[in-house]
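Values quoted throughout were computed directly from the atomic coordinates according to the rules given, and no laboratory measurement underlies them. Just so it is clear, the model here is predicted, and its values are computed rather than measured. A quick note on method: Cβ atoms are made from the backbone with ideal geometry, for glycine too, and the neighbour counts reach across all protein chains shown.
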Amino acid sequence: NAGVTQTPKFQVLKTGQSMTLQCAQDMNHNSMYWYRQDPGMGLRLIYYSASEGTTDKGEVPNGYNVSRLNKREFSLRLESAAPSQTSVYFCASSATGHYNQPQHFGDGTRLSIL
Amino acid sequence: DQQVKQNSPSLSVQEGRISILNCDYTNSMFDYFLWYKKYPAEGPTFLISISSIKDKNEDGRFTVFLNKSAKHLSLHIVPSQPGDSAVYFCAALRGLNAGNMLTFGGGTRLMVKP
């Protein structure tokens with residue numbers, strides 16, 4: 001019963017390198033989300049996908065792109081990594097975008113950019 | 001400017017006593033609130049929620065109280081157990097069909113001492 005799986009768990013990049021974070025869910029959920037967590041800031045929404053084939057910007061989308069590859073998979077891409085993007089990244093999914101469908105989170109990807 | 005604030009970064013309580021975690025918000029358009037619990041190296045997990053039309057919601061040892069006039073909510077844990085030691089995030093949702101776009105507070109680390 002995997003739930004939401006994120007790969008990799010850890011990654012170190014140099015400034016300017018590109019990277020794709022992978023996320024897959026096995027709960028047949030329609031909606032998927034990418035967050036970043038920084039100390040004292042809680043989680044901030046980067047992008048979300050309400051359903052397969054749609055993506056929308058969240059609170060902090062600059063410097064990121066996303067792809068909803070299919071219903072299961074939602075990837076986050078950093079085209080040119082910057083030190084300000086050092087963070088812990090969480091992927092989440094929910095059955096629908098309705099308020100009473102709590103989001104289920106993966107265990108995160110810890111990304112350091114030197 | 002953070003719309004959801006958890007002003008206490010940490011809280012320490014004795015096992016068996018009550019834990020009270022507080023959360024304040026500034027946006028009067030928020031109408032659904034959730035609490036998530038996070039252990040180290042894991043993703044957040046949903047704990048309890050409350051709609052703005054209620055002032056209390058209870059689930060076992062966990063109770064959430066909402067004071068709309070003060071724009072304040074609190075999570076009570078009674079009795080506290082060592083396994084409750086974790087970071088607790090308050091989150092808010094604006095509009096019941098807002099695509100489940102959550103705004104998180106910065107978190108409070110709860111330590112329950114045996």
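Using the Cβ-Cβ distance between B:Thr45 and A:Asn65 with R0 set to 35 Å, the FRET efficiency works out to roughly 0.80.
With Cα atoms defining each centre, segment B:52-68 and segment A:40-114 are spaced 29 Å apart in the structure. When the Gaussian network model of chain A links Cα atoms closer than 10 Å, the mean-square fluctuations of A:Gly53, A:Gly16, A:Gly42 top out at A:Gly42. Apply 1/(1 + (r/R0)^6) to the Cβ-Cβ distance of A:Gln22 and B:Asn27, taking R0 = 35 Å, and write down the FRET efficiency to the nearest 0.05. Result of the calculation: an efficiency of 0.60. At a Förster radius of 45 Å, what calculated FRET efficiency corresponds to the Cβ-Cβ distance of B:Arg109 and A:Lys57, to the nearest 0.05? So the FRET efficiency works out to roughly 0.90. Between B:Ala41, B:Ala70, B:Ala92, the GNM of chain B built on Cα springs shorter than 10 angstrom shows B:Ala41 fluctuating the most.
Multiply the residue separation of A:Glu73 and A:Thr7 by 0.36 nm, subtract the distance between their alpha-carbon atoms, and state the gained length in nm to one decimal.
On the way: separation 66, 0.36 × 66 = 23.76 nm, distance 1.15 nm.
Taking 0.36 nm per residue and subtracting the Cα distance, the gain is 22.6 nm.
When B:Tyr39, B:Tyr88 are arranged by Cβ crowding within 10 Å, least crowded first, meaning fewest neighbours, the order is B:Tyr39, B:Tyr88. Computed on the Cα atoms alone, the convex hull of the protein assembly as shown gives a volume of 121 cubic angstrom per residue.
When chain A is treated as a Gaussian network with alpha carbon springs shorter than 10 Å, the biggest mean-square fluctuation among A:Gln22, A:Gln85, A:Gln101 belongs to A:Gln101.
Taking all pairs of different Cα atoms in segment B:1-111, averaging 1/r and flipping that mean, what Kirkwood radius in angstroms comes out?
14.0 Å
Normalised Debye scattering of chain A at q = 0.15, 0.18, 0.21 Å⁻¹ gives log10 I(q)/I(0) of -0.58, -0.84, -1.13, counting only Cα atoms as equal scatterers and leaving out solvent.
What distance in nm separates the simple spin-label points at A:Gln101 and B:Arg61, each placed 7 Å from Cα in the Cβ direction? Each label point lies 7 Å from its Cα, and together they span 3.1 nm.
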